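One structure is given below, encoded as C-alpha cells.
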Ligand SMILES: Nc1ncnc2c1ncn2[C@@H]1O[C@H](COP(=O)(O)OP(=O)(O)OP(=O)(O)O)[C@@H](O)[C@H]1O
C-alpha cells in the first residue's frame, strides 16, 4: 500500500489500535517536517486523517525571537500549508491554558523546588496524550498520530509495546515512557523506522515546503534557550550561598533554582576549593537556598529511588535486570529494578554521573520501554 517503511498500513494490526480497517486519525502537526511526513504517511496508507495544530502559547508572537520555538504563527501557517499539500482538513486548537498550567507552571515550580524537570515528557503526558487525545477520542477519532521518533510494535502475546526508534540520534522513546496501555493503544508514530535524513528527503519528494525547516530545540517555550533568564523572570532573584561539600563557603548565587546537578559552568565561585579541583553542583536546597558543590567524582550515583512509577503498555512490571536511561540524551546503564512499596528502586551496575532529581528514570528491556518513574533521590557511589 505504501513505499515508505514504517508507514502504518490499514491492514497492519500494529497500526490499528481499535480493531483494524480504515481509522479516523488526528495528526498533531507542529509545523515541522516530522509531523508533516507522519501525517502524509498515515493519509497515504488509507486512513482518514485530519490535521490539528496546537496553539500552546497565549502570545505566539512572544516566541518569535529568531530561534525556532513551538507554535509561532509561522508554525501554524506551515502546518496548514503541509495539510493542504497532503490534502487533509486542518484545524488549530487552543490548548495554551492547559499548556501553561501543566507544563510551564510545573516547569517553574519544579526548578523552584530544586529539581530538574523534563517539560517534553510532561507535555506528552499532559497535553499530547491526555488533553489532545481525550478531545480526539470524544470527537470520534481512533488514534492520534505524531512525528515522534519511536516505534509501536506488537509483542509475542499480541500486546502493543513501545520501542526505541531505529535512528538512535533521534530516538524519543525516553519522553514517551510515561504513556500507559490505553494511551499507547491510541497512538501512532509512523517515523520510528526511518532515519531523519530520509524523512527530510521524503518531505522534499512529497513537495512539503518544511523539508528543510530546522529542528525545534529542546524547550519550545524558551525560544532563546536562556533557561536561567526565563526562571529569573518568574522567580525573581534570591541571593544565597555556594558551599563546598565540607561546608566551606566558596561563593554566592542569585537564585538556587538556576542550577542543575552536575553543572560546572556559570558557578560564581570566589575562592578555589581546598583541593584546587574544579567544582560541580552536587545538591540544590531550596529550603535554605543553598547550592552545594564538590569534585566530579562526588557526582557518581550508585542507586536511585523513583516515585510515581508507570508501566508502558499492558505488561505488568516484574523486578529484575533492565537498562535504565536517566536523561533525555543519556546512554542507558545496566541496572536492577524493583518496587519497594509504591516506589521504584534502581541499583546501577556501574556508577552514573550527575543524575538530577525531577528527571525520569526510564527502564528498557532491549529496545522495549518497560516504564518510567520520576527520580526523587539518589545514593552516592562512594563516601566523600
Ligand atoms: N504545536 C504543536 N501542535 C501539534 N502537534 C505538535 C505541536 N508540537 C509538537 N507536536 C507533535 O509532537 C511531536 C513531537 O514534538 P517535538 O517538539 O519533539 O517535534 P519535532 O521532533 O521537532 O517534530 P516536528 O518536526 O514535527 O516539529 C511532533 O512531531 C508533532 O506531532
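Bear in mind these aren't lab numbers, they're just calculated from the coordinates by the rules spelled out. Since the structure is predicted, the reported quantities are computational estimates derived from the model, not experimental observations. Positions of Cβ are generated from backbone atoms using ideal geometry, with glycine treated the same way; all protein chains shown enter the neighbour counts.
Once the C-beta distance of residue 101 and residue 274 is scaled by a Förster radius of 51 Å, the resulting FRET efficiency is 0.65 to the nearest 0.05. How much FRET efficiency would the formula 1/(1 + (r/R0)^6) give for residue 92 and residue 307, where r is the Cβ-Cβ distance and R0 is 41 Å, rounded to 0.05? Calculated value: 0.70. Structure remark: mean-square fluctuation, Gaussian network model of the chain, C-alpha springs under 10 Å; the largest value among 203, 361, 36 belongs to 203.
State the extension gain, in nm to one decimal, for the chain segment bounded by residue 198 and residue 113, taking 0.36 nm per residue of separation less the distance between their alpha-carbons.
Full extension of this stretch gives 26.4 nm more.
Determine the gain in length on full extension of the stretch residue 181-residue 234; use 0.36 nm per residue of separation and subtract their C-alpha separation, reporting nm with one decimal.
15.5 nm
Would you work out the relative contact order for the chain, in percent, from Cα pairs under 8 angstrom that are 6 or more residues apart?
It rounds to 16 percent for the chain.
Annotation for region 186-245 versus region 259-334: alpha-carbon center distance of 22 Å. Classify region 13-212 from the C-alpha gyration tensor, please: rounded if a/c falls under 1.5, else prolate or oblate depending on whether a/b exceeds b/c. In terms of gyration-tensor shape, rounded. So if I take the centroid of the Cα atoms in region 109-139 and the same for region 76-97, what is the distance between those two points in Å? Between the Cα centre of region 109-139 and that of region 76-97, the gap is 21 Å. Taking the DSSP beta bridges with both ends in the chain, the antiparallel portion is around 70 percent. Measuring r between the beta carbons of residue 217 and residue 241 and using R0 = 56 Å, the FRET efficiency lands at 0.95.
In summary, the chain shows an alpha-carbon radius of gyration equal to 1.04 times the 2.2 N^0.38 Å reference for compact globular proteins.
Using the rule -39500 (n - 2.57) for each DSSP H run of four or more residues, divided by the residues of the chain, the 222 nm mean residue ellipticity is -5000 deg cm²/dmol. Taking the 0 to 90 degree range and rounding to the nearest ten, how far is the long axis of helix 73-86 tilted relative to the main principal axis of the chain, both from C-alpha atoms? That works out to roughly 30 degrees. Taking all Cα pairs closer than 8 Å and separated by 6 or more residues, the relative contact order of region 298-380 comes to 43 percent.
Each residue, residue 328 and residue 383, gets one label point 7 Å from its Cα in the Cβ direction; the gap between the two is 3.9 nm.
Sorting 29, 188 from the fewest to the most surrounding beta carbons within 10 angstrom yields 188, 29. To the nearest 10 degrees, how steeply does helix 196-205 sit against the main Cα axis of the chain, on a 0 to 90 scale? On a 0 to 90 degree scale, this one is about 30. Across region 237-294, C-alpha contacts under 8 Å between residues 6 or more apart give a mean separation that, scaled by the residue count, equals a relative contact order of 39 percent. Modelled spin labels at residue 296 and residue 365, positioned 7 Å past Cα toward Cβ, are 3.7 nm from each other.
A simple spin-label model places pseudo-atoms 7 Å from Cα toward Cβ; at residue 73 and residue 318 they are separated by 5.7 nm.
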